[in-house]
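**Student:** The structure's right below; bear with me while I get my questions together.
The values are calculated or read from the model by the stated rules, or taken from the named source; none is laboratory data. Values in this document were obtained by computation on a predicted structure and should not be read as measured data. As a convention, Cβ positions derive from the backbone with ideal geometry for all residues, glycine included, and neighbour counts pool all protein chains shown.
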Amino acid sequence: MEKNINVTLKIWRQVGPKEKGKFETYKLDNVSTDSSFLEMMDVLNERLISERKVPIAFDHDCREGICGMCSLYINGHPHGPDGEITTCQLHMRNFKDGQTIVIEPWRSAAFPIIRDLMVDRGAFDKIIQAGGYVSINTGGVPDANSIPISKVDADEAMDAASCIGCGACAAACKNSSAMLFVAAKVSQLALLPQGKVEAAHRAKAMVAKMDELGFGNCTNTGACEAECPKNVSISHIARLNREFLSAKFKD
Amino acid sequence: MAKKKETTEVEETKIDARIPEGPLAEKWSNYKDHQKLVNPSNKRRLDIIVVGTGLAGASAAASMAEMGFNVLNFCIQDSPRRAHSIAAQGGINAAKNYPNDGDSVYRLFYDTIKGGDYRAREANVYRLAEVSNGIIDQCVAQGVPFAREYGGLLDNRSFGGAQVSRTFYAKGQTGQQLLLGAYSALSRQIGKGAVKLYSRYEMLDVVIIEGRARGIIARNLVTGKVERFFAHAVVVGSGGYGNTFFLSTNAMASNGSAAIQMYKKGAYFANPAYAQIHPTCIPVHGEFQSKLTLMSESLRNDGRIWVPKKKEDAEAIRAGKKKATDLSEDERDYYLERRYPAFGNLVPRDVASRAAKERCDAGFGVGNTGLAVYLDFSEAINRLGESVIRARYGNLFQMYEKIVDDNPYRTPMMIYPAIHYCMGGIWVDYELQTSVKGLFCIGEANFSDHGANRLGASALMQGLADGYFILPYTIQNYLADQIQVPRLSTDLPEFDEAEKAVNDKIKKLMSIQGKKSVDSIHRELGLIMWDFVGMGRNKAGLEHALEKIKEVRKEFWSNVYIPGKEVDLNNELEKALRLADFIEIGELMARDALMREESCGGHFREEYQTPEGEALRNDEDFSFASCWKFKGEGEEPELLKEALEYEFIHRQQRNYKS
């Protein structure tokens, strides 16, 4: 049932990538437990605006858990304490009256802070640009049913393809590794006959780009999987490693 | 097939859609056979700006870059993958007829025209149906993991307004998978340097030089700097303007500003009143609410929609004294199955939305506000088992549970209609060119193919059809004459003037320093739109809305407060610029709805309905696309009409009953 709670927010504020940031504390009363976390942030921003202060910058767009735009490290968890969801789907009923909530941006050298809670995740785009595709042009492709694909493989490819590119995996990782993100794409395409043709090249190119952009190495702690809002499994990392090693052996 | 041309006499028809000659099924082939092309060495010398990276924008940018054009692609988010096409859930239509249930290009064409309540252009819709199959082939080749049968072939499901299963899907995330397919193609071209990507940029004006679109003014959303970009042609795929209503299923940054900029530079705004209210959204729950969440139409494959038969039961439920599960079968009114036996729960969206409003207005609504109906899966769970339902809709059920804190496997979901999609948009001809030369408009942003109502799973089809298979052809017919035009300098006076106008507008907004936040004024606009320009419209209400919108405009331009600096990252300034344009769109919508004295598709005028409460069209007087032409700030726009001629289809009262 709906009720109202009072919370204390400790929010990271930082004007620019090179400026020094710090936590600021805000008290917010009468927050409906039916409101989403970002709606709570909206309420706070409306208050700051009414006090002629500069509102807190944070990324968000679809607010239904699919665009991957929202981020936020909430009480030590990317996308907050609830499982299998993004911050925009997190609701205030997960918090207690009187609780202090600490809100930080993604912390990763490869995701520089733009302002407050906004970070630059352009590195993920660059990794995809390095090989996260099937090299075909528009038109001139075979009929969609000309190559049967087993349902098991198609479903597993779909699970990998569920990745929303939010960056929670890299933010959760103590090494700031992007292995789960890279693995999801490599695995999706390696499972499908259309992507198989370039699988070896793709694995090498995407891993090389990931290393170049400053992401750390994978030490199999599994934090990425635990925090992934879409439940992408680390078994895809195993497949990435297999694809990568077999590609290297062929060299 | 009726051969006699059915046309409405439209006085002074000034609008020419440039539809190719010949029989319907041959028009597109004829066009492609005879259009002008640009040779490979010239393509490299031609620049194309594409605004937007949704299904239409990303597929167009990728396809044109593959062909050899030099493309500049702009997106408002931090990455092209975040465009709101990503949120489309249910599926994409195509006339493959894989299930062998009688589908064909003609049938998809017919269903789309009928679904649009005979307010779309025959030639465009036929072309859309024709290229639909190629889209599925293209996406599979990209590695889009569509749902498959155990035999390894593609699976289909059914959607509203069709009696065949022609919808391809990838769980409840079809839009995501299709967009990621287009994004991967786009990324490949970015990696090759054929597309230059500008993310976190927002278009603020289109630059016209000697009557042709030659570039845009865009604001870098990180630095706040206003910048200039030249191109030989400009393509806008900026999505719909549903956020005029404040609460909608659109993303927070979705807006109609690019459309308004084009309109003010001479592009006609067509059928602004045609907005789709989607029947299955999670009901509004509080004042702090920032957006509405859609529950996919695919749920209507297995979910049954009902309200209590007796008012006492509805009242008891609203008061929290009874629960949905307390009511026996014969105490429930499955009103869609009752009213529309042939299509049942799978009637088109406009019909389902109005039926829900009718029941709630009559006092049978549930939820604590009375503005909700049930979507019940208990019968399907009993028939198929919970695991089957979980496999089909698991992610949607999870999303519902996270938002509402209620388990839809145990108790029925509660849903209510919400604004979702805009059929109206910038007018384009058969080539997807607006009334401004060199300015093209694709995807939801244009008005083209859905008439007065869009069928489910057709938005993805249209966006990708425009971007992969139509625009890359038709734009060449224009560019073939532009090969002599050099890359123009952005120091030309036209660029100066456009940039100055943008900067002046920003300065003016920043200088108001009033008392109200942007969102608070936007909420006011949204309430007016929902109450008077929403599901049920009438003359008095629309006139009232026009007055109220004037007041909102005045309030906005005299009392808005925008904190922060002008040349800096400033989210409130971004929102204010968008709201200024939403106010214009709201007025256009109300004006168009007032002008159209008939009911058709998503546009329902209460004065014009059949005795059974269905939409009553007036083909005599209103079989046209209304094209609004900007006449200057503060002036009334001029109404131009594109007559809709039905040469191949016989128009009827839509019937989903038998």
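**Student:** Sort through A:Val15, A:Val43, A:Val7 and tell me the only one that's facing chain B (nearest Cβ under 8 Å) and hydrophobic (A, V, I, L, M, F, W, C).
**Tutor:** Answer to the check: A:Val43.
**Student:** How many residues does region A:46-64 hold that are more than 9 Å from chain B (Cβ to nearest Cβ) and among the acidic types (Asp, Glu)?
**Tutor:** Number of matching residues: 1.
**Student:** Out of A:Gly98, A:Gly122, I need the residue that is more than 22 Å from B:Arg82 (Cα to Cα), surrounded by fewer than 22 Cβ atoms within 10 Å (Cβ to Cβ) and either in contact with a strand residue (DSSP E or B) (Cβ under 9 Å, 6 or more places away or on another chain) or touching a residue at least 40 places away in the same chain (Cβ under 8 Å) (or both). Which one?
**Tutor:** A:Gly98
**Student:** May I ask you to list the residues in region A:102-112 that are crowded, with 21+ Cβ neighbours inside 10 Å and either over 21 Å from A:Val43 (Cα atoms) or among the aliphatic types (A, V, I, L, M) (or both)?
**Tutor:** Selection gives A:Ile103, A:Trp106, A:Ser108, A:Ala110, A:Phe111.
**Student:** Under 13 Å from the mean Cα position of the chain (by Cα), more than 10 Å from chain B (Cβ to nearest Cβ), basic (Lys, Arg) and over 26 Å from B:Ile521 (Cα atoms), is that true of A:Arg107?
**Tutor:** yes
**Student:** Can you give me the number of residues within region A:114-146 that are among the polar types (S, T, N, Q) and over 27 Å from B:Thr167 (Cβ atoms)?
**Tutor:** So the count comes out to 2.
**Student:** Which numbered condition in (1) touching a Pro at 6+ places or on another chain (Cβ under 8 Å); (2) farther than 19 Å from B:Met399 by Cβ is the only one that A:Ile56 fails?
**Tutor:** (1)
**Student:** Follow-up question, since we're still on this one. Would you be able to say whether some residue in region B:431-454 is aromatic (Phe, Trp, Tyr) and under 30 Å from B:Glu574 (Cα atoms)?
**Tutor:** The answer is yes, given that some residue of region B:431-454 is aromatic (Phe, Trp, Tyr) and under 30 Å from B:Glu574 (Cα atoms).
**Student:** Taking the condition of being within 16 Å of A:Ser177 (Cα to Cα) and in a loop (DSSP other than H, G, I, E, B), how many residues in region A:193-222 meet it?
**Tutor:** 10
**Student:** Go through region B:321-343 and give me each residue that's over 21 Å from B:Ala362 (Cβ atoms) and crowded, with 18+ Cβ neighbours inside 10 Å.
**Tutor:** Residue satisfying the conditions is B:Phe343 alone.
**Student:** Separate question: Can B:Ile305 be described as of a type in the set (A, V, I, L, M), more than 27 Å from B:Arg392 (Cβ to Cβ), more than 14 Å from chain A (Cβ to nearest Cβ) and surrounded by 23 or more Cβ atoms within 10 Å (Cβ to Cβ)?
**Tutor:** no
**Student:** May I pose another question? I want to confirm something. Restricting to region B:248-293 and keeping residues that are more than 11 Å from every other protein chain (Cβ to nearest Cβ) and in a strand (DSSP E or B), which single residue is farthest from B:Ala590 (Cα to Cα)?
**Tutor:** B:Thr280
**Student:** Considering only residues that are under 19 Å from A:Asp211 (Cα atoms) and either of a type in the set (Ser, Thr, Tyr) or surrounded by 14 or more Cβ atoms within 10 Å (Cβ to Cβ) (or both), which ones fall in region A:232-241?
**Tutor:** A:Ile234, A:His236, A:Ile237, A:Arg239, A:Leu240, A:Asn241
**Student:** Take region A:65-84 and flag every residue that is within 8 Å of another protein chain (Cβ to nearest Cβ), out of contact with any Asp or Glu (no Cβ under 6 Å at 6 or more places or on another chain) and under 21 Å from A:Asp120 (Cα atoms).
**Tutor:** A:Gly65, A:Ile66, A:Gly68
**Student:** Out of the residues in region A:162-211 that are among the charged types (D, E, K, R) and crowded, with 24+ Cβ neighbours inside 10 Å, which is nearest to A:Thr86 (Cα to Cα)?
**Tutor:** Across region A:162-211, the extreme among qualifying residues is A:Lys185.
**Student:** Check every one of the helices (runs of 4 or more DSSP H) wholly within region B:368-484 and list those with 1 or more residues that are surrounded by fewer than 24 Cβ atoms within 10 Å (Cβ to Cβ) and among the polar types (S, T, N, Q).
**Tutor:** Ranges flagged: B:378-384, B:386-404, B:471-479.
**Student:** Would you be able to tell me the number of residues in region B:80-129 that are assigned to a helix (DSSP H, G or I), more than 14 Å from chain A (Cβ to nearest Cβ) and not aliphatic (A, V, I, L, M)?
**Tutor:** The number of residues fulfilling the criteria is 12.
**Student:** Additional query: Return a yes/no flag: does region A:165-172 have any residue that is in a loop (DSSP other than H, G, I, E, B) and more than 17 Å from the chain's Cα centre (by Cα).
**Tutor:** No, the conditions are met nowhere in region A:165-172.
**Student:** Can you find a residue that is assigned to a helix (DSSP H, G or I) and under 24 Å from the mean Cα position of the chain (by Cα) anywhere in region A:128-146?
**Tutor:** Yes.
**Student:** Now for a different question. I'd like to verify a number: residues in region A:119-153 that are at the interface with chain B (Cβ under 7 Å from one of its Cβ atoms), among the small types (Gly, Ala, Ser) and touching a helix residue (DSSP H, G or I) at 6+ places or on another chain (Cβ under 8 Å), how many?
**Tutor:** The number of residues fulfilling the criteria is 4.
**Student:** Kindly indicate whether any position in region B:592-609 is of a type in the set (D, E, K, R), at pLDDT 95 or above, surrounded by 21 or more Cβ atoms within 10 Å (Cβ to Cβ) and in a helix (DSSP H, G or I).
**Tutor:** Yes, region B:592-609 contains at least one residue that is of a type in the set (D, E, K, R), at pLDDT 95 or above, surrounded by 21 or more Cβ atoms within 10 Å (Cβ to Cβ) and in a helix (DSSP H, G or I).
**Student:** Name the single residue that is farthest from the chain's Cα centre (by Cα) among those in region B:131-161 being among the hydroxyl-bearing types (Ser, Thr, Tyr) and more than 9 Å from every other protein chain (Cβ to nearest Cβ).
**Tutor:** Among them, the one singled out is B:Ser158.
**Student:** Report, by residue number, each residue of region B:538-555 that is of a type outside the set (D, E, K, R), more than 17 Å from B:Ala580 (Cβ to Cβ) and touching a Leu at 6+ places or on another chain (Cβ under 7 Å).
**Tutor:** Passing the criteria: only B:Leu542.
**Student:** Give the residues of region B:218-242 that are surrounded by fewer than 24 Cβ atoms within 10 Å (Cβ to Cβ), more than 29 Å from B:Ile419 (Cβ to Cβ) and not small (Gly, Ala, Ser), sorted by residue number.
**Tutor:** Across region B:218-242, the qualifying residues are B:Asn220, B:Val222, B:Thr223, B:Lys225, B:Val226, B:Glu227, B:Arg228, B:Phe229, B:Phe230.
**Student:** Moving to a separate point now. Considering only residues that are touching a helix residue (DSSP H, G or I) at 6+ places or on another chain (Cβ under 8 Å) and small (Gly, Ala, Ser), look in region B:344-367 and name the one that is surrounded by the fewest Cβ atoms within 10 Å (Cβ to Cβ).
**Tutor:** By that ranking, first place goes to B:Gly363.
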